[in-house]
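Chemist: Mind looking over this structure? Questions follow.
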């Protein structure tokens with residue numbers, strides 16, 4: 001089995017593949033992006049872990 005993770009600005013995605021490359025499971029969670037000032041983006045690392 002193989003696990004693929006994608007941590008992007010808008011969300012976290014995960015996929016579980018078997019030896020043949022077939023998808024066995026997948027999941028995704030949306031992340032919150034804070035924009036306290038123009039052209040700034042902030043995220044809480046704890047949200048990445050919790051996702």
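Taken together, the values in this text are just the output of simple stated rules run on the coordinates, not laboratory data. Predicted model only: the values in this text are computed from it and were never measured. We place every Cβ from the backbone using ideal geometry, glycine too, and count neighbours over all the protein chains shown.
Chemist: Given only helices, namely DSSP H runs of n ≥ 4 each adding -39500 (n - 2.57), what is the per-residue ellipticity at 222 nm of the chain, to the nearest 500 deg cm²/dmol?
Modeler: Result for the chain, helices only: -2500 deg cm²/dmol.
Chemist: Of the listed values (1) 44, 12, 6; (2) 30, 9, 7; (3) 32, 11, 6, identify the label whose number matches semi-axes √(5λ) of the Cα gyration tensor in Å calculated from this model.
Modeler: (2)
Chemist: Label residue 17 and residue 33 with points 7 Å out from Cα along Cα→Cβ: what is the distance between them in nm?
Modeler: 2.7 nm
Chemist: Do you know the relative contact order of the chain, to the nearest whole percent, from alpha carbon pairs under 8 angstrom that are 6+ apart?
Modeler: About 28 percent, as a whole number.
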